[in-house]
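Undergrad: One structure is given below, represented as structure tokens, and several questions about it will come after.
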Amino acid sequence: MYEYRNAIGQDSHRFETSATSAFSSKPLILAGVVIPGIEGLDGNSDADVVFHSLTNAISGISCVNILGNVSDKMCLEDKITDSSAYLLKAIETLGEYILVNVSFSIECKRPHITPFIDEMRNSIASITGLAPDSIGITATSGEGLTDFGRGLGISAFCIVTARKKIYEEN
């Protein structure tokens, strides 16, 4: 018999501008994939909203917050800006829980996400141990109703399902 938990995570960042960041020509990174031809997102780290939303969702399973104090120490003190490190730290907090499925909804006007979905799924799979067909990614422009849909940044939501064995069935 298994116990299941579901959790949701969210993250969003604006695109960098010369007025918002000391970083110049920072690449856009989504799910660990460098997206060419578009400026990066503003943040202390690489600002990977996909990995950040997954990290937050895993924190909802384990009840151990990684983004905030833990990631700030890693980023600002230890100079670790690769968001995959924060995701790995979150995975370590799962204990007996095993990820079963993750699903993302990304809102942005730019870039067009569809050409990068397979590469993003493979990147997420390599870190989580999930099969790529257990990783869903959808994208929308939201019809321009939000700043993300108007091209000012990117928002990502993630839902995670995890399970742990609580006893053997006879």
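The values are calculated or read from the model by the stated rules, or taken from the named source; none is laboratory data. As the structure is a computational prediction, the values presented were derived from the model and not from experiment. As a convention, Cβ positions derive from the backbone with ideal geometry for all residues, glycine included, and neighbour counts pool all protein chains shown. What goes into the accessible areas is simple: the full protein's heavy atoms, side chains included, and nothing from ligands, DNA or RNA. Shrake-Rupley method; radii C 1.70, N 1.55, O 1.52, S 1.80 Å.
Undergrad: Just name the residue that is surrounded by the fewest Cβ atoms within 10 Å (Cβ to Cβ) out of those in the range 11-23 that are over 15 Å from T81 (Cβ atoms) and modelled with pLDDT under 90.
TA: The residue in question is A19.
Undergrad: Picking from V50, V64, which residue would you name as being in contact with a strand residue (DSSP E or B) (Cβ under 6 Å, 6 or more places away or on another chain), at pLDDT 95 or above and not polar (S, T, N, Q)?
TA: V50
Undergrad: Scanning the range 102-135 for residues that are of a type in the set (V, I, T) and touching a helix residue (DSSP H, G or I) at 6+ places or on another chain (Cβ under 9 Å), which turns out surrounded by the fewest Cβ atoms within 10 Å (Cβ to Cβ)? Give the steps one after another, and end with the answer.
TA: Residues of the range 102-135 that are of a type in the set (V, I, T), as a first pass: 102, 106, 113-114, 117, 124, 127-128, 135.
Those left that are additionally touching a helix residue (DSSP H, G or I) at 6+ places or on another chain (Cβ under 9 Å): 102, 106, 113, 124, 127-128, 135.
Numbers: V102: 25, I106: 22, I113: 22, I124: 25, I127: 15, T128: 19, I135: 22.
Only one residue fits best here, namely I127.
Undergrad: Identify, please: which residue in the range 147-168 is β-branched (V, I, T) and within 20 Å of the chain's Cα centre (by Cα) and is, among those, most open to solvent (accessible area, probe 1.4 Å)?
TA: I159
Undergrad: Just checking, how many residues over the range 132-170 are within 21 Å of D48 (Cα to Cα) and assigned to a loop (DSSP other than H, G, I, E, B)?
TA: 8
Undergrad: Okay, moving on. (1) on the phi < 0 side of the Ramachandran plot; (2) surrounded by fewer than 21 Cβ atoms within 10 Å (Cβ to Cβ); (3) not aliphatic (A, V, I, L, M): which one isn't true of K79, the others all being true?
TA: K79 satisfies all of (1) on the phi < 0 side of the Ramachandran plot; (2) surrounded by fewer than 21 Cβ atoms within 10 Å (Cβ to Cβ); (3) not aliphatic (A, V, I, L, M) except (1).
Undergrad: If S141 satisfies all but one of (1) open to solvent by less than 40 Å² (accessible area, probe 1.4 Å); (2) under 25 Å from D42 (Cα atoms); (3) among the polar types (S, T, N, Q), what's the number of the condition it fails?
TA: So the condition that S141 fails would be (1).
Undergrad: Look through L99, L67 and report the one residue that is touching a His at 6+ places or on another chain (Cβ under 8 Å) and open to solvent by less than 70 Å² (accessible area, probe 1.4 Å).
TA: The match here is L67.
Undergrad: Moving to a separate point now. Scan the range 113-124 and report the pairs whose first residue is in a helix (DSSP H, G or I) and whose second residue is of a type in the set (D, E), with Cβ atoms within less than 9 Å and a gap of 6+ or a chain change.
TA: Qualifying pairs under 9 Å: R121/D133.
Undergrad: List pairs: first in the range 26-37 and under 16 Å from H13 (Cα atoms), second at pLDDT below 95 and in a loop (DSSP other than H, G, I, E, B), Cβ under 6 Å, 6+ apart or cross-chain?
TA: Filtered contacts from the range 26-37: K26/E16.
Undergrad: Would you say E3 is surrounded by 20 or more Cβ atoms within 10 Å (Cβ to Cβ), among the charged types (D, E, K, R) and either modelled with pLDDT under 95 or closer than 26 Å to T161 by Cβ (or both)?
TA: no
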